[in-house]
Amino acid sequence: MSIRRPASKPTPPVAVPGLPPVPAGLGLASERARQRMVDALRAAGIRDEGVLAAMNRVPRHQFIDAGLASRAYEDVALPIGHGQTISKPSTVARMIELLVAPIPAERRAQARVLEVGTGCGYQAAVLAAVFGEVISIERVRGLHEAARTHLRPMRLPNLRLVFGDGRLGAPTAAPFDAVIVAAAGDEIPEPLLTQMAVPSRLLAPIEASGRQALHLVERTARETWQLTVLDSVRFVPLRAGTS
Ligand code: SAH
């Protein structure tokens, strides 16, 4: 088997907070697959070394069914049960890159992020490798518990999982330096906007007339939120309440 080397310069070692080093000789096949995934992300335009390092460290195959694990490092969304999907790696990387872009590398260890839609917990683990603190909310109890199981071996002390309706945010933990919504609603829930720090960014897919687009909100002052509509995307629906 040939191992493709990065075309450009290799990723310099970046300290990833919270993640233990992968033991030498263990999980080599998945490490190589993950490195190829990161090469592809780089080729697709992801530039942030912190984000690329986090994508390189989180074992995506451990967040999905064993039957699908061989596809874990393809750039595809995969089913995670309860009618939900894990977002494709390029979407996770692009959204997190947009989210952290204004935060200088030396301030990221103090930055706090709120994720709505934990799903299987994969994106939450990547966020925990980029941000100082992560709070992730899931409304489906079965998924909330599955995420807990997937994340336990990674021992991420800076990640808190919450069962509940993420449209309400996490008022007691606010304000957040970044907010990321992993499911498409028809508007951005107001509590998420008021729980944004000044300054901060929020990313959410919004659906209108059957089409979804990624929305970027920048809170630039106490009473100022600036909206930019980005590319079209495909996410599962943002739903009310819990189940
Ligand atoms: N980030 C996830 C993607 C999961 S898909 C991952 O890495 O796997 C989106 C998730 O959002 C689903 O699990 C869905 O149940 C959840 N969701 C939808 N509406 C929600 C809400 N109001 N509050 C919290 N989670 C919600």
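The values are calculated or read from the model by the stated rules, or taken from the named source; none is laboratory data. What you see is a predicted model; the values in this text were computed from it and never measured. Cβ: placed from backbone, ideal geometry, glycine included. Neighbour counts: every protein chain shown. For the accessible areas, the whole protein counts, side chains as well, though only heavy atoms, and no ligand, DNA or RNA atoms are used. Shrake-Rupley method; radii C 1.70, N 1.55, O 1.52, S 1.80 Å.
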Requested in this report: State the number of residues belonging to the range 215-241 that are within 14 Å of the ligand (Cβ to nearest atom) and surrounded by 13 or more Cβ atoms within 10 Å (Cβ to Cβ).
Outcome: 7
Requested in this report: Answer with yes or no whether A197 is open to solvent by less than 30 Å² (accessible area, probe 1.4 Å) and under 16 Å from T91 (Cβ atoms).
Outcome: no
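Yes/no per residue for (1) more than 18 Å from M196 (Cα to Cα); (2) open to solvent by 40 Å² or more (accessible area, probe 1.4 Å); (3) within 15 Å of the ligand (Cβ to nearest atom); (4) in a helix (DSSP H, G or I):
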{"site": "L68", "(1), (2), (3), (4)": "yes, yes, yes, yes"}
{"site": "T85", "(1), (2), (3), (4)": "yes, yes, yes, no"}
{"site": "S90", "(1), (2), (3), (4)": "yes, no, yes, yes"}
{"site": "M95", "(1), (2), (3), (4)": "no, no, yes, yes"}
{"site": "P102", "(1), (2), (3), (4)": "no, yes, no, no"}
{"site": "E106", "(1), (2), (3), (4)": "yes, yes, no, yes"}
{"site": "A109", "(1), (2), (3), (4)": "no, yes, no, yes"}
Query raised in the report: Could you list, in sequence order, the residues of the range 165-186 that are surrounded by 21 or more Cβ atoms within 10 Å (Cβ to Cβ) and away from the ligand (no atom under 12 Å from the Cβ)?
Result: F176, D177, A178, V179
Requested in this report: Identify, by number, the condition in (1) under 18 Å from the mean Cα position of the chain (by Cα); (2) over 21 Å from R107 (Cβ atoms) that R201 doesn't meet.
Outcome: (2)
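For residues that are crowded, with 19+ Cβ neighbours inside 10 Å and more than 11 Å from the ligand (Cβ to nearest atom), tally how many sit in the range 116-133. So that I can check it myself, show each step before the final result.
Step one: list which residues in the range 116-133 are crowded, with 19+ Cβ neighbours inside 10 Å, which gives 116-131, 133.
If we keep only those that are more than 11 Å from the ligand (Cβ to nearest atom) too, we end up with 128-131, 133.
The total comes to 5.
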Query - Residue match in the range 145-164 (condition: in contact with a Leu (Cβ under 7 Å, 6 or more places away or on another chain), away from the ligand (no atom under 12 Å from the Cβ) and open to solvent by 40 Å² or more (accessible area, probe 1.4 Å)) - result: yes
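Of the residues A208, A221, A174, A182, which single one is within 13 Å of I135 (Cβ to Cβ) and in contact (Cβ under 8 Å) with a residue 12 or more places away in the chain?
Values: A208 fails: within 13 Å of I135 (Cβ to Cβ); A221 fails: within 13 Å of I135 (Cβ to Cβ); A182 fails: within 13 Å of I135 (Cβ to Cβ).
The match here is A174.
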Query raised in the report: When the range 13-41 is examined, which residues are found to be within 17 Å of the chain's Cα centre (by Cα), closer than 20 Å to L98 by Cβ and either in a helix (DSSP H, G or I) or at pLDDT 90 or above (or both)?
Result: M37, V38, L41
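Given the options R60, R47, name the one that is within 15 Å of the ligand (Cβ to nearest atom) and at pLDDT 95 or above.
Working: R47 fails: within 15 Å of the ligand (Cβ to nearest atom).
Of R60, R47, the one residue that is within 15 Å of the ligand (Cβ to nearest atom) and at pLDDT 95 or above is R60.
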